[in-house]
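Shown next, in structure tokens, is the structure this report addresses.
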Amino acid sequence: MKYTVLGAGAMGLRYGILLQEAGFEVDFVDIWDKQIAAVKQQNGVFVSRDGANKHLVPINISSPEDYQGDPDVWIVFTKQMQLADALKRSQHLFNDKQYVVTAMNGMGHIEKLNQYFDSNKVISGTAMIATVLNGPGDVDFMGASGAGSMNVVNQNEKPDEMTKKIVEEFSKANLNPKLTTNFQGTLMAKVILNSVCNTLCTMFGIKMGEFIQAPTAEKLSKQLIDEAFDVCERAGITLLNTREQEWQAIKYASTTAMPLHFPSMYQDMDKNRPTEVDYINGYIYDLGLKYHYEASTHDFLRNLVHLAEFSKDFD
Ligand code: NAD
């Protein structure tokens, strides 16, 4: 099938280049002029793994305004706060036949995708795949070849033939997809993991493997997990994990899967970019309010991250 990546940053490049290397036709559409200019100027993207084996991979990249392709599947990987604008700029490229897949962090993206695509063709998911954009045209696929995995879930919870084909092709690209049929539960499990690891690692400028060694890691994590589960129970969301399993998932991600990873929220803070905290801890808090429950630790953390963003202006 033919894929076009919208949002050719760290994750968009990783998905697109792995699919391209697996033999599929892939184009890239990006919204950051510096990225497009660097890739065009150097005739490709510099790709490394854990800082080693840096090599140039040729790709086709355009702005939404310059692109003319008609893919079978869009792969969307912007940051949450960039998505509305990216979709608006690309809307002339969308049609009823196309599917869209995304594994963005946080919540809020699906409603935006539904404005442009048939909701039966919106496939979401979660990615445990650590990737860093060092700068324009320069990406690090962290971990060994085949490292990381993802969940894939249809918004309508009914995997059709096209979904199965996408999963098959993602498998060939070593993205290790697992098809699930619990839409809200799959997405919220990752939101909860991110609400702990991304946010706390970002606040203190530490890697996941450093965070998990802290004597307070378990207590902090469990407080956030408990509040998030209380919210989900009130909202009628059936999570895939129990509270204890969610803590074990955080431990596994931090000690085994991605110990050397600075979460993407940290990378944004480090580069003075706004973070996705409103779509992660903020989402949990706001969802709780709809059910008359205050997830106040999540709100406090969200506000601390905003304070850290604000304080960057005084560095
Ligand atoms: P990214 O910031 O690398 O790229 C997203 C978009 O921002 C791209 O269009 C990119 O060109 C642009 N961009 C990058 N740097 C910029 C800058 N300095 N100024 C302006 N624009 C810039 O984002 P990502 O890490 O690919 O994340 C995409 C989504 O996937 C997010 O929801 C993220 O939380 C999620 N995610 C990321 C990882 C990871 O390890 N990076 C893992 C799982 C999920």
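How many angstrom lie between the Cα centre of the stretch 171-215 and the Cα centre of the stretch 122-137?
Each part reduced to its Cα centre gives a spacing of 12 Å.
Using every pair of alpha-carbon atoms in the stretch 202-253, split the distances into 5 Å bins beginning at 0 and state the percent of pairs per bin, rounded to integers.
Bins of 5 Å from zero give 4, 18, 27, 23, 14, 9, 4 percent of pairs.
What is the stretch 129-192's relative contact order, in percent, from Cα pairs under 8 angstrom and six or more apart in sequence?
Worked out over the stretch 129-192, it gives 32 percent.
For residue 121, give me every one of the lysines with a C-alpha distance below 17 angstrom, ignoring sequence neighbours fewer than eight places off in its own chain.
Straight-line reach from residue 121, under 17 Å: 2, 97, 112, 158, 164, 165.
Mind pulling the angle between the C-alpha long axis of helix 217-235 and the longest principal axis of the chain? Nearest 10 degrees, somewhere in 0 to 90.
The angle comes out near 80 degrees.
Over its Cα atoms, what ratio of radius of gyration to 2.2 N^0.38 Å does the chain give? Mind dumping the intermediate values first?
Values: Rg = 18.7 Å, N = 315, 2.2 N^0.38 = 19.6 Å.
Here the answer is 0.96, to two decimals.
Measuring from centroid to centroid over Cα atoms, what is the spacing of the stretch 72-102 and the stretch 1-26 in Å?
Cα centroid of the stretch 72-102 versus Cα centroid of the stretch 1-26: 14 Å apart.
Residue 233 versus residue 289, label points 7 Å from Cα toward the beta carbon: distance in nm?
Between residue 233 and residue 289, the label points sit 2.3 nm apart.
Pairing the Cα long axis of helix 33-42 with the longest principal axis of the chain, what angle in degrees results, from 0 to 90 and rounded to the nearest 10?
50
What is the percent of Cα-Cα separations in the stretch 185-315 that go past 19 Å?
Values: 3898 of 8515 pairs.
Roughly 46 percent, once rounded to a whole number.
Among the lysines, which fall within straight-line cross-link reach of residue 271, defined as a Cα-Cα distance under 21 Å, with same-chain neighbours fewer than 8 residues apart omitted?
34, 79, 207, 312
We did not get these values from a lab; they are worked out from the coordinates using the rules stated. Predicted, not measured: the structure shown is a model, and the values here were computed from it. We place every Cβ from the backbone using ideal geometry, glycine too, and count neighbours over all the protein chains shown.
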